[in-house]
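Reviewing the structure listed below.
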Amino acid sequence: MGFAVRHLMSKVRGTFSDFSGEIRIEEDQLQSSVGVSVELASVSTGNQMRDDHLRTSDFFDVEQSPKMTFVSSGVRSVEGGWVLDGDLTIRDITKAIEIQLEFLGLDPTGLAGEQRIGFEGRTSINRSDFGVNFGLAADSKIVISDKVDILLEIEAALTQ
């Protein structure tokens, strides 16, 4: 689970290492659902000072709102792919988002005999929509972009 955001003249990339989720795949795939919870304190950009700053009230405010959640509200088939609609909550603010999904396949025997399924997901959000405004502009130049790209690499074990 990763993200990328423009910072000055480059992009900072980061990940979250502590998350859990459940994917429910129904026979009618359009009735499938997803629920995910992310521990925001697990953010990592490869720079400890920046990671510590991201945990403060300037950004994620992990003391007051330690989790980011996503709960799907629907799945749509769109031009050979899928769109997962749902509600993303960050800092106790919930907004509807769309995640573009690419189905990567189904492995019926997995590593230990279990079925595994894979997807890649992408979306973009405006962090200001979630009350994260630190560093948006200084003297009309971008310090930290409002737009955040969210990148998901999903591999899940299927259970009955």
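The values are calculated or read from the model by the stated rules, or taken from the named source; none is laboratory data. The shown structure was predicted, so the numbers you read here are calculated from the model rather than taken from an experiment. Note that each Cβ is placed from the backbone with ideal geometry, even for glycine, and that neighbours are counted across all protein chains shown. Ligands, DNA and RNA are stripped out before the accessible areas are found, and what is left, the full protein with its side chains, is counted by its heavy atoms. Shrake-Rupley method; radii C 1.70, N 1.55, O 1.52, S 1.80 Å.
Skip the ligands, DNA and RNA, and give the accessible area per residue of the chain with a 1.4 Å probe, whole Å². It would help to have the intermediate numbers written out before the result.
Details: 9750 Å² over 160 residues.
Ligands and nucleic acids excluded, the result is 61 Å² per residue.
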Item checked: Among beta bridges that DSSP assigns inside the chain, antiparallel share in %, nearest 5 -> 100 percent
Notebook entry, point to check: Which residue, Phe70, Phe16, Phe60, tops the fluctuation ranking in a GNM of the chain built on C-alpha contacts under 10 Å?
Noted result: Phe16
Next item on the list: Could you check which residue among Asp107, Asp146, Asp28 shows the biggest mean-square fluctuation in a GNM of the chain with a 10 Å Cα cutoff?
Entry: Asp28
Notebook entry, point to check: Per residue and in cubic angstrom, what volume does the convex hull of the Cα atoms of the chain have?
Noted result: 135 Å³
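Working with all protein chains in place, sort Val38, Val71 by solvent-accessible area computed with a 1.4 Å probe, largest first.
Putting Val38, Val71 in descending order of accessible area: Val71, Val38.
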Check: Given the chain, what count of lysine pairs have C-alpha atoms under 23 Å apart, with each pair 8 or more places apart or on different chains?
Finding: 5
Note to self: Tell me which GluC sites (Glu not before Pro) from segment 23-72 have a DSSP coil assignment and no more than 11 other beta carbons within 10 Å of their own.
What the structure shows: Glu26, Glu27, Glu63
Check: So how much accessible area does Lys67 have, in Å² to the nearest 10, using a 1.4 Å probe?
Finding: 90 Å²
Item checked: Listed residues Ile93, Ile144 arranged by accessible area, highest first, probe 1.4 Å -> Ile93, Ile144
Check: In deg cm²/dmol, rounded to 500, what helix-only [θ] at 222 nm does the chain give when every DSSP H run of at least 4 residues adds -39500 (n - 2.57) and the total is split over its residues?
Finding: -1000 deg cm²/dmol
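Once you keep just the Cα pairs under 8 angstrom separated by 6 or more residues, what percentage relative contact order results for the chain?
Once normalised by length, the contact order is 21 percent.
Quick one: with all protein chains in place, what share of the accessible area of segment 44-130 is carbon or sulfur, to the nearest percent (1.4 Å probe)? The partial results should precede the final answer.
Values: 2490 of 5030 Å².
So the carbon and sulfur contribution to the accessible surface is 49 percent.
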Next item on the list: Give me the distance between the Cα centres of segment 7-44 and segment 116-138, rounded to whole Å.
Entry: 11 Å
Next item on the list: Report the relative contact order of segment 39-125, percent, no decimals, based on alpha-carbon pairs under 8 angstrom and at least 6 residues apart.
Entry: 18 percent
